[in-house]
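Colleague: First, the structure itself, so that you have it in front of you.
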Amino acid sequence: MKEKIPVQMLGLKLPTDPRWVDLAEITLEAVLSDHAYCEQKATSYCISLIQQYPERTAMVNALAPIVTEEWGHFRMVLAELKRRNLTLLEQRKDYYVNQLMEFRLKGGSKNDRFIDKLLQCALIEARSCERFRLLSLHLKDEKLKDFYHTFMVSEAGHYRMFLDLAYQYGEKEKVKARWEAYLVYEQEIMDKMELRGDRIH
């Protein structure tokens, strides 16, 4: 029995337009390529966080296995491309992530900036989970639905991990307020973005 991730659990304020799945199905090579790069960038960013904050033992211990997992996901997507006789396309600019980074704190304490990075990661994982859920439910290809169900469950765990780390390292009410601000800002980004099926975000 497939595990279901309620959208409400992710806290996202604007669900993806369901037409996105139809567009993704049409541009499968592009969306799989973009997915592969998302996994590769997630791997790199986790490594970067460990390098920047080696003294944060709980974070290092939490992220170390995620590095291996994300790289494994990258290889899984490459294998899926190969299985379908598709090619890994060139990497594109990630408008969604770039817009999120514009919201990141430029001042404040080192810990405040650290918390912001964790919250941004949590939000990206939440949106990825939401989109993988749509693919797992509405794609016509049953094997690909199962493929994306696996990723949906994984991203839900990563979302929760990053959010838990933010609360562990920050003041509860302060983190809660900043997370809410991120969710509102993300809603604005999603509302303005063109609906395209050739990308995960």
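Colleague: How do the helices (runs of 4 or more DSSP H) wholly within region 1-99 filter down when requiring 1 or more residues that are under 28 Å from Val184 (Cα atoms) and modelled with pLDDT of 95 or more: which remain?
Modeller: Numbers: elements: 7-10, 19-26, 28-52, 57-83.
Where helices (runs of 4 or more DSSP H) fall fully within region 1-99 and carry at least 1 residues being under 28 Å from Val184 (Cα atoms) and modelled with pLDDT of 95 or more, they are 19-26, 28-52, 57-83.
Colleague: A further question follows. Inside region 149-177, can you point out the residues that are part of a helix (DSSP H, G or I), among the small types (Gly, Ala, Ser) and over 20 Å from Val67 (Cα atoms)?
Modeller: Our first condition is that a residue be part of a helix (DSSP H, G or I); within region 149-177, this holds for 149-169, 172-177.
In the following step, the residues that additionally are among the small types (Gly, Ala, Ser) were identified as 154, 156-157, 166, 177.
Result: Ala177, single match.
Colleague: Can I ask one more? What's the number of the only condition in (1) closer than 13 Å to Leu32 by Cβ; (2) crowded, with 20+ Cβ neighbours inside 10 Å that Asn85 fails to meet?
Modeller: Exception for Asn85: condition (2).
Colleague: Sticking with this one: Could you tell me whether any residue of region 146-159 is under 22 Å from Leu88 (Cβ atoms), crowded, with 17+ Cβ neighbours inside 10 Å and without any contact (Cβ under 8 Å) to a residue 24 or more places away in the chain?
Modeller: Yes, region 146-159 contains at least one residue that is under 22 Å from Leu88 (Cβ atoms), crowded, with 17+ Cβ neighbours inside 10 Å and without any contact (Cβ under 8 Å) to a residue 24 or more places away in the chain.
Colleague: Oh, and also: Restricting attention to region 6-22, does a residue exist that is over 19 Å from the mean Cα position of the chain (by Cα) and of a type outside the set (Phe, Trp, Tyr)? Break it down into steps so the answer makes sense when it comes.
Modeller: Narrowing region 6-22 to residues over 19 Å from the mean Cα position of the chain (by Cα): 19, 22.
Of the ones still in play, those that are also of a type outside the set (Phe, Trp, Tyr) are 19, 22.
Yes, region 6-22 contains a residue that is over 19 Å from the mean Cα position of the chain (by Cα) and of a type outside the set (Phe, Trp, Tyr).
Colleague: Next up: For region 188-199, state whether one or more residues are over 12 Å from the mean Cα position of the chain (by Cα), farther than 20 Å from Ala62 by Cβ, outside any loop (DSSP other than H, G, I, E, B) and free of Cβ contacts under 8 Å to residues at least 24 places away in the same chain.
Modeller: yes
Colleague: Still on this model: Working only within region 100-113, note down all residues that are part of a loop (DSSP other than H, G, I, E, B) and either of a type in the set (Phe, Trp, Tyr) or more than 19 Å from Ala177 (Cβ to Cβ) (or both).
Modeller: Step one: list which residues in region 100-113 are part of a loop (DSSP other than H, G, I, E, B), which gives 103-109.
Passing the criteria: only Phe103.
Colleague: Return the only residue of Arg104, Arg56 being of a type outside the set (S, T, N, Q) and either closer than 22 Å to Glu142 by Cβ or surrounded by fewer than 18 Cβ atoms within 10 Å (Cβ to Cβ) (or both). Give the steps one after another, and end with the answer.
Modeller: Numbers: Arg56 fails: either closer than 22 Å to Glu142 by Cβ or surrounded by fewer than 18 Cβ atoms within 10 Å (Cβ to Cβ) (or both).
From the options Arg104, Arg56, the qualifying one is Arg104.
The values are calculated or read from the model by the stated rules, or taken from the named source; none is laboratory data. Since the model is a prediction, treat every value here as computed from it, not as a measurement. Please note: Cβ atoms are built from the backbone with ideal geometry, for glycine as well, and neighbour counts cover all protein chains shown.
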